[in-house]
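The values are calculated or read from the model by the stated rules, or taken from the named source; none is laboratory data. What you see is a predicted model; the values in this text were computed from it and never measured. Neighbour counts run over all protein chains shown; Cβ positions are idealised from the backbone, glycine included.
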Ligand SMILES: CC(C)(COP(=O)(O)OP(=O)(O)OC[C@H]1O[C@@H](n2cnc3c(N)ncnc32)[C@H](O)[C@@H]1OP(=O)(O)O)[C@@H](O)C(=O)NCCC(=O)NCCS
């Protein structure tokens, strides 16, 4: 039996890698939702997104080959601070060799991660049981079932007056509400959201004078091309009065009218029943359900290398 050759990806792998990932993503059982594209063109667009891989995608990927054919691949996208990594894959097309090959791939990938990385997170389709089982066996902890929902561009939007961008006077209250509502370690800190605002990252707010009632964070994704609703929250004692719906409509207006993007998307945990009903009423439909798997280095280096 020939063992696959695991090596860093090179620019010349683009065609074969895009075709391989698209084929693996075509069935939920093999799909990784951090790059869920299931056409070679869609995968190529995701790999060539300069915001996602500013140093070039090939520096973030490893591939496994047998007789010149790609049989496994994985990548790790880093945030701007180099603190958090999002795993793409692992994609493995070798059922009997799955755990072994995935282990070697993950090891090679972690070898290439800067030591600044404090956390890595994979997001696999809920039916990708081999992948989830493998990650769990390597010490990753699995999160709640999460739904990736998509809304196509629908115009005109309801008539309500859109809300304004978050003002400086509300930034402290925003940071507090964000930390209270999304305390999970994987959540983007308020500071990063505030400093990251630009043409492609917006925060809109609902306020009553100086009192912040709620906010929505929305940004542009390039592959797929969409407006992504990252966070939506309404202060607990202001809920049930239509503020969440208005914030969401503001994010949709920004996505469809301002940025002229063809779709909007978001992720919502299974247990957030209220938010799910709100999204459904606004036209979002289930695209795929996945489970995040998280690991905090340096445990991950130890977990993989010491086995
Ligand atoms: C989800 C959230 C933003 C909704 O804000 P809100 O201001 O209460 O929402 P609205 O009053 O605009 O409700 C709009 C619709 O959403 C649905 N909805 C919202 N919360 C609901 C709840 N707890 N139970 C049932 N339905 C709910 C209803 O369908 C409602 O429609 P209706 O007015 O016809 O009844 C708010 O509950 C919140 O901040 N939750 C915690 C954070 C969260 O879950 N964010 C989403 C993360 S993905």
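Go through (1) part of a strand (DSSP E or B); (2) within 25 Å of residue 79 (Cα to Cα); (3) touching a helix residue (DSSP H, G or I) at 6+ places or on another chain (Cβ under 7 Å) for residue 207 and report which single condition fails.
The number of the failed condition is (2).
Can you find, within region 72-90, the residue that is farthest from residue 119 (Cα to Cα) among those that are out of contact with any helix residue (DSSP H, G or I) (no Cβ under 7 Å at 6 or more places or on another chain) and at pLDDT 90 or above?
Selected residue: 89.
Take the residues in region 133-158 that are in contact with a strand residue (DSSP E or B) (Cβ under 8 Å, 6 or more places away or on another chain) and exposed (fewer than 15 other Cβ atoms within 10 Å of the Cβ); name whichever of them is farthest from residue 101 (Cα to Cα).
Applying the filter and picking the extreme gives 152.
Under 7 Å between Cβ atoms, at least 6 apart or on separate chains: pull out the pairs that start in region 226-243 with a residue that is assigned to a helix (DSSP H, G or I) and end on any residue that is surrounded by 14 or more Cβ atoms within 10 Å (Cβ to Cβ).
Pairs found: 238/213; 238/214; 243/206; 243/213; 243/214; 243/234.
Find all pairs meeting these conditions: Cβ atoms under 9 angstrom apart; at least six residues apart or on different chains; first residue within region 182-194 and under 16 Å from residue 78 (Cα atoms); second residue within 14 Å of the ligand (Cβ to nearest atom) and assigned to a loop (DSSP other than H, G, I, E, B).
Sorted first by the residue in region 182-194, then by its partner, the pairs are 188/182.
Take region 250-281 and flag every residue that is part of a strand (DSSP E or B) and either touching a helix residue (DSSP H, G or I) at 6+ places or on another chain (Cβ under 6 Å) or not assigned by TED's automatic domain parsing to the domain that holds residue 212 (or both).
The answer is 264, 268.
Hey, among 178, 201, which residue is at pLDDT 95 or above, closer than 25 Å to residue 118 by Cβ, touching a helix residue (DSSP H, G or I) at 6+ places or on another chain (Cβ under 9 Å) and within 14 Å of the ligand (Cβ to nearest atom)?
Selected residue: 178, the only one of 178, 201 that is at pLDDT 95 or above, closer than 25 Å to residue 118 by Cβ, touching a helix residue (DSSP H, G or I) at 6+ places or on another chain (Cβ under 9 Å) and within 14 Å of the ligand (Cβ to nearest atom).
Answer with yes or no whether residue 247 is assigned to a helix (DSSP H, G or I), more than 8 Å from the ligand (Cβ to nearest atom), under 15 Å from residue 204 (Cβ atoms) and in contact with a strand residue (DSSP E or B) (Cβ under 7 Å, 6 or more places away or on another chain).
When the stated conditions are applied, residue 247 does not pass them.
Being under 14 Å from residue 146 (Cα atoms) and more than 9 Å from the ligand (Cβ to nearest atom) is the filter here, so list the residues in region 254-270 that pass it.
Those that are under 14 Å from residue 146 (Cα atoms) and more than 9 Å from the ligand (Cβ to nearest atom): 265, 270.
Given the structure, is residue 73 crowded, with 21+ Cβ neighbours inside 10 Å, over 30 Å from residue 252 (Cα atoms) and not assigned by TED's automatic domain parsing to the domain that holds residue 259?
yes
Considering every residue within region 206-214, establish whether at least one is within 19 Å of residue 146 (Cβ to Cβ), in the same structural domain as residue 159 (by TED's automatic domain parsing), surrounded by 19 or more Cβ atoms within 10 Å (Cβ to Cβ) and modelled with pLDDT of 95 or more.
There is no residue in region 206-214 that is within 19 Å of residue 146 (Cβ to Cβ), in the same structural domain as residue 159 (by TED's automatic domain parsing), surrounded by 19 or more Cβ atoms within 10 Å (Cβ to Cβ) and modelled with pLDDT of 95 or more.
Got at least one residue in region 114-123 being surrounded by 12 or more Cβ atoms within 10 Å (Cβ to Cβ) and at pLDDT 95 or above?
Checked against the condition, which is being surrounded by 12 or more Cβ atoms within 10 Å (Cβ to Cβ) and at pLDDT 95 or above, region 114-123 yields at least one hit.
Quick one: is residue 221 surrounded by fewer than 22 Cβ atoms within 10 Å (Cβ to Cβ), in a strand (DSSP E or B) and outside the structural domain of residue 43 (by TED's automatic domain parsing)?
yes
May I ask you to list the residues in region 272-286 that are more than 9 Å from the ligand (Cβ to nearest atom) and modelled with pLDDT of 95 or more?
Across region 272-286, the qualifying residues are 284, 285, 286.
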